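Working notes, beginning with the structure itself.
The values are calculated or read from the model by the stated rules, or taken from the named source; none is laboratory data. None of these values were measured; they are calculated from a predicted model. Heads up, the Cβs are rebuilt from the backbone with ideal geometry, glycines too, and the neighbour counts pull from every protein chain shown. Surface accessibility is based on the protein's heavy atoms, side chains included, excluding ligands, DNA and RNA. Shrake-Rupley method; radii C 1.70, N 1.55, O 1.52, S 1.80 Å.
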Amino acid sequence: MPHARYFIVRHDDRWIIKFLDEEFGPYQSEKEAMLFAVDAAQKLGEQGENAQVCVMGENGHFRPEWTFGQDSYPPRL
């Protein structure tokens, strides 16, 4: 189970990345936020962390979209 999770959340017309107690962004699109989050997660993964990027769906639940060591880097979006 990943220890480092980046959460991509839609806030009004923009996207925000949440990690630990911090927020990053806003980003113009989900794709843009995803690229930044995956890049950060990749760097943590290279340092030995189990890193993952999750996106909030329309139902309010998060789904994993990218996991270090399992998905390609850079991601194919």
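Mean separation of Cα pairs under 8 Å and 6+ residues apart, divided by the residue count of the chain: what relative contact order is that in percent? List each step's numbers first, then the result.
Working: 135 pairs, mean separation 22.9, N = 77.
It rounds to 30 percent for the chain.
What whole-number value in Å² describes the accessible area per residue of the chain for a 1.4 Å probe?
Numbers: 5290 Å² over 77 residues.
Counting only protein heavy atoms, the per-residue value for the chain is 69 Å².
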_Angle check, please: helix 30-46 long axis (alpha carbons) against the longest principal axis of the chain (alpha carbons), in degrees 0 to 90, nearest 10._
20
*Between HIS61 and ASP12, what is the spin-label point distance in nm, taking each point 7 Å from the Cα along the Cα→C-beta axis?*
3.0
*Just how far, in whole angstrom, is region 58-75 from region 20-39 if you go by their alpha carbon centroids?*
13
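Which number do you get for Rg(Cα) / (2.2 N^0.38 Å) in the chain?
Details: Rg = 11.5 Å, N = 77, 2.2 N^0.38 = 11.5 Å.
Taking N as the residue count of the chain, the ratio is 1.01.
What percentage of the solvent-accessible surface of the chain, computed with a 1.4 Å probe over protein heavy atoms, is contributed by carbon and sulfur atoms? Write out the running numbers ahead of the final one.
On the way: 2480 of 5290 Å².
In the chain, the share of accessible area belonging to carbon and sulfur is 47 percent.
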*Determine the dipole magnitude for the chain: charges of +1 sit on the beta-carbon of Lys and Arg, -1 on that of Asp and Glu, nothing else is charged, the reference point is the Cα centre, and the result goes in debye to the nearest 20.*
180
